[in-house]
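Data first, discussion second: the structure below is written as structure tokens.
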Amino acid sequence: MAATLFHITLFFLLFSIVQSRLYTLPQPTIQLPHLFSVADFGAIGDGLHYDTAAIQATIDACHSAGGGHVRFPPGTYLTATVYIKSGVYLVVEEGAKILGGTKLEDYPAESRRWYVVLAENATDVGITGGGVIDGHGMKFVKRFEEAKNVMVSWNETGACLGDECRPRLVGFLGCRNVRVWNIRLNEPAYWCLHLVGCDNTSIHDVSIYGDFNTPNNDGIDIEDSNNTVITRCSISTGDDSICPKTSNGPLYNLTVTNCWLQSRSSAIKLGSGSFYDFKGLVFDNITIYDSHRGLGMQIRDGGDVSDVTFSNMNIKTRYYEPVLWWGRAEPIYITTCPRDSNSKEGSISNIRFINISATSENGVFLSGSKAGLLSNFRFQNVNFTYRRWTNFPDDLVDYRPGCRGLVKHSPAGMIMEHIDGLELENVNMRWSGVIQNKRWNNPLDFLPSTVNNISFLNFQSSSDSQ
């Protein structure tokens, strides 16, 4: 009994010593980010007077202090290009709006740097806050048209070439550790959110809206950038919603999940800029609504595509104006061919379509080329419902850009060209209310001379009339 009391006493003595020492240990200090308000540096926020100098001064002060948050309180901040620097996060609060200028002199001399908000060669940067960044896109409409707006082009000034000479909204060029979240990006005059040569980027809970009649107002363009994650985003744009492309380097490790997309062009499109390879892309749990195309690849410049998975998707595609906008209501559109006589042909391989349900006004189009085969494609647990509800013609195949352009061709459930290796497992095609059009009673359209190694397991084709 005495020994037991001794051990109990010893335990409590040691516990009290340890506890007292724990309480005397130095406690870690939590370093809160530096917080700077653009209002403290003279920003007015009335939407009429330019706040560019005040915004840039705030960013510069935050960067000089070692980084932190630049706060935009409620108001509308009209600005020319502003530059985010390393360690700085813009916090555009609810009720606050950064509004892009509409004059050529609002932007740098080089057209490649035409952005409302721009970060160049920066690390640990981002945008958040629940507010809005607006590109003033409607101010760049030269003439409103029901089918497709005619846009202002600054090429008339000699500032750049082509008909796409307008400023983008937000750009991160050559940056690392980029984070964009809880922000609304509205009405870009040209591309909306652009990543170029970036590494380790996270984009989540972002809402993007671009006028549905405005061309080239892409949602998110991921160019030559690696290790990118996009999730819980809602994007509705006239042009492509999410568009990976390669111009000066490869693109790998892109993951897109839990997004809602709508586009008058392609909801998801790889290319058409495709000079380098794409590898290791995953698109999962995505809803595509009333788009001209669902899932697309336009490989035109010699880069190869491999190891891409599309899974757990609901897709609805429809016809829009058939000449001015690329697309023919295809739920899935995969093409590779040279852009012009000076271009190379790239190949597309190891592509998976798993657990996909699509309702569309046209069928799937899989078109490789002689030196750019499509190989090792797999469709698993895929349901296609084909029906018509618009009055646009359905007798064209669209190879654009380049290649063969628009070509007369009867529709089919799946058109195939230049393929080596295609598996269809648990694939169902159902025609709803269109079987009376005899051109729509063909599930598969291909020439045996260009398509090899196809396997079917539980493939079904039916119509309402059966």
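The values are calculated or read from the model by the stated rules, or taken from the named source; none is laboratory data. Everything numeric in this text was worked out from a predicted model, so none of it was measured. All Cβ positions, even for glycine, are placed from backbone atoms using ideal geometry, and neighbour counts span all protein chains on display. Ligands, DNA and RNA are excluded from the accessible area calculation, which covers all protein heavy atoms including side chains. Shrake-Rupley method; radii C 1.70, N 1.55, O 1.52, S 1.80 Å.
Yes/no per residue for (1) touching a Phe, Trp or Tyr at 6+ places or on another chain (Cβ under 7 Å); (2) in a strand (DSSP E or B):
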position: 35; (1), (2): no, yes
position: 39; (1), (2): no, no
position: 57; (1), (2): yes, no
position: 69; (1), (2): yes, yes
position: 77; (1), (2): no, yes
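Residue by residue through region 308-345, note down the ones that are modelled with pLDDT under 95, touching a strand residue (DSSP E or B) at 6+ places or on another chain (Cβ under 8 Å) and among the basic types (Lys, Arg).
328, 339, listed by residue number.
Check region 228-237 and report whether any residue there is under 20 Å from residue 170 (Cβ atoms), among the charged types (D, E, K, R) and in contact with a strand residue (DSSP E or B) (Cβ under 9 Å, 6 or more places away or on another chain). Even if it seems obvious, please write down each step before you answer.
Residues of region 228-237 under 20 Å from residue 170 (Cβ atoms): 228-237.
Next, from what is left, pick out any that are among the charged types (D, E, K, R): 232.
Now restrict to residues that are in contact with a strand residue (DSSP E or B) (Cβ under 9 Å, 6 or more places away or on another chain): 232.
Yes: one or more hits.
Can you report the number of residues in region 143-181 which are assigned to a loop (DSSP other than H, G, I, E, B), of a type in the set (D, E, K, R) and modelled with pLDDT of 95 or more? So that I can check it myself, show each step before the final result.
Initially, region 143-181 is screened for residues assigned to a loop (DSSP other than H, G, I, E, B), giving 144-149, 152-153, 158-167, 174-175.
Applying the additional criterion that residues be of a type in the set (D, E, K, R) yields 145-146, 148, 163-164, 166.
Still in the list and also modelled with pLDDT of 95 or more: 166.
Of the residues in region 143-181, 1 are assigned to a loop (DSSP other than H, G, I, E, B), of a type in the set (D, E, K, R) and modelled with pLDDT of 95 or more.
Among the residues of region 436-449 satisfying the criterion of being open to solvent by less than 60 Å² (accessible area, probe 1.4 Å) and at pLDDT below 90, which is farthest from residue 409 (Cα to Cα)?
In the first step, residues of region 436-449 are kept if they are open to solvent by less than 60 Å² (accessible area, probe 1.4 Å); the result is 437, 440, 442-445.
The next check asks that each one be at pLDDT below 90; those that pass are 437, 440, 442.
Values: 437: 14, 440: 12, 442: 12 Å.
Out of the qualifying residues, it is 437.
Residue check: is residue 376 in contact with a Ser or Thr (Cβ under 7 Å, 6 or more places away or on another chain) and at pLDDT 90 or above?
Taking the combined requirement at face value, the residue satisfies it.
With the requirement that a residue be open to solvent by 40 Å² or more (accessible area, probe 1.4 Å) and closer than 14 Å to residue 292 by Cα, what does region 360-390 give you? Before the answer, list the steps.
Of the residues in region 360-390, the ones open to solvent by 40 Å² or more (accessible area, probe 1.4 Å) are 370-371, 373, 376, 378, 380-381, 383, 387-389.
Passing the criteria: 388, 389.
Name the strands (runs of 3 or more DSSP E) wholly inside region 214-258 in which the number of residues that are of a type in the set (Val, Ile, Thr) and surrounded by fewer than 22 Cβ atoms within 10 Å (Cβ to Cβ) is 1 or more.
Values: elements: 220-223, 226-231, 234-237, 242-245.
In region 214-258, 226-231 are the strands (runs of 3 or more DSSP E) which contain 1 or more residues that are of a type in the set (Val, Ile, Thr) and surrounded by fewer than 22 Cβ atoms within 10 Å (Cβ to Cβ).
Mind checking which residues of region 403-419 are surrounded by fewer than 17 Cβ atoms within 10 Å (Cβ to Cβ) and out of contact with any helix residue (DSSP H, G or I) (no Cβ under 7 Å at 6 or more places or on another chain)? Walk me through it before giving the result.
We begin by selecting, within region 403-419, every residue surrounded by fewer than 17 Cβ atoms within 10 Å (Cβ to Cβ); these are 404-410.
Result: 404, 405, 406, 407, 408, 409.
Could you list all residues from region 327-351 that are of a type in the set (A, V, I, L, M, F, W, C) and in a loop (DSSP other than H, G, I, E, B)? Let's see the steps before the verdict.
Our first condition is that a residue be of a type in the set (A, V, I, L, M, F, W, C); within region 327-351, this holds for 329, 332, 334, 337, 348, 351.
Scanning region 327-351 gives 329, 337.
What number of residues in region 87-106 are out of contact with any Asp or Glu (no Cβ under 6 Å at 6 or more places or on another chain) and open to solvent by 20 Å² or more (accessible area, probe 1.4 Å)? It would help to see each step written out before you state the result.
Step one: of region 87-106, the residues out of contact with any Asp or Glu (no Cβ under 6 Å at 6 or more places or on another chain) are 88-96, 98, 100-106.
Filter again for open to solvent by 20 Å² or more (accessible area, probe 1.4 Å), leaving 89, 91, 93-95, 102-105.
Final tally of qualifying residues: 9.
Select from region 320-358 the residues that are under 21 Å from residue 247 (Cβ atoms) and surrounded by 18 or more Cβ atoms within 10 Å (Cβ to Cβ) and list them in ascending order.
Initially, region 320-358 is screened for residues under 21 Å from residue 247 (Cβ atoms), giving 326, 334-348.
326, 334, 335, 336, 337, 338, 339, 345, 346, 347, 348, listed by residue number.
How many residues does region 114-142 contain that are open to solvent by 10 Å² or more (accessible area, probe 1.4 Å) and in a loop (DSSP other than H, G, I, E, B)?
Total satisfying the criteria: 3.
Scan 354, 415 and give me the residue that is within 23 Å of the chain's Cα centre (by Cα) and part of a strand (DSSP E or B).
Details: 415 fails: within 23 Å of the chain's Cα centre (by Cα).
The conditions single out 354.
Give the number of residues within region 294-319 that are of a type outside the set (Lys, Arg), buried (at least 23 other Cβ atoms within 10 Å of the Cβ) and either within 30 Å of residue 248 (Cβ to Cβ) or touching a Lys or Arg at 6+ places or on another chain (Cβ under 9 Å) (or both). Explain how you work it out, then say what you get.
Let us first name the residues in region 294-319 that are of a type outside the set (Lys, Arg), namely 294-299, 301-315, 317, 319.
In the following step, the residues that additionally are buried (at least 23 other Cβ atoms within 10 Å of the Cβ) were identified as 294-299, 301, 303, 305, 308, 310, 313, 315, 317.
If we keep only those that are either within 30 Å of residue 248 (Cβ to Cβ) or touching a Lys or Arg at 6+ places or on another chain (Cβ under 9 Å) (or both) as well, we get 294-299, 301, 303, 305, 308, 310, 317.
Residues in region 294-319 being of a type outside the set (Lys, Arg), buried (at least 23 other Cβ atoms within 10 Å of the Cβ) and either within 30 Å of residue 248 (Cβ to Cβ) or touching a Lys or Arg at 6+ places or on another chain (Cβ under 9 Å) (or both): 12 in total.
Output the residues belonging to region 341-396 that are of a type in the set (A, V, I, L, M, F, W, C), under 16 Å from residue 443 (Cβ atoms) and in contact (Cβ under 8 Å) with a residue 60 or more places away in the chain.
358
Could you list, ordered by first residue, the pairs with Cβ atoms under 9 Å in which the first is in region 300-326 and over 21 Å from residue 283 (Cβ atoms) and part of a strand (DSSP E or B) and the second is acidic (Asp, Glu) and open to solvent by 20 Å² or more (accessible area, probe 1.4 Å), at least 6 apart or interchain?
Listed by first residue and then by second, the contacts come to nothing, as the list is empty.
For region 171-213, which positions are touching a helix residue (DSSP H, G or I) at 6+ places or on another chain (Cβ under 6 Å), open to solvent by less than 10 Å² (accessible area, probe 1.4 Å) and within 17 Å of residue 262 (Cβ to Cβ)?
188
Are any residues in region 246-296 over 16 Å from residue 226 (Cβ atoms) and of a type in the set (Asp, Glu), and if so, which ones?
284, 290
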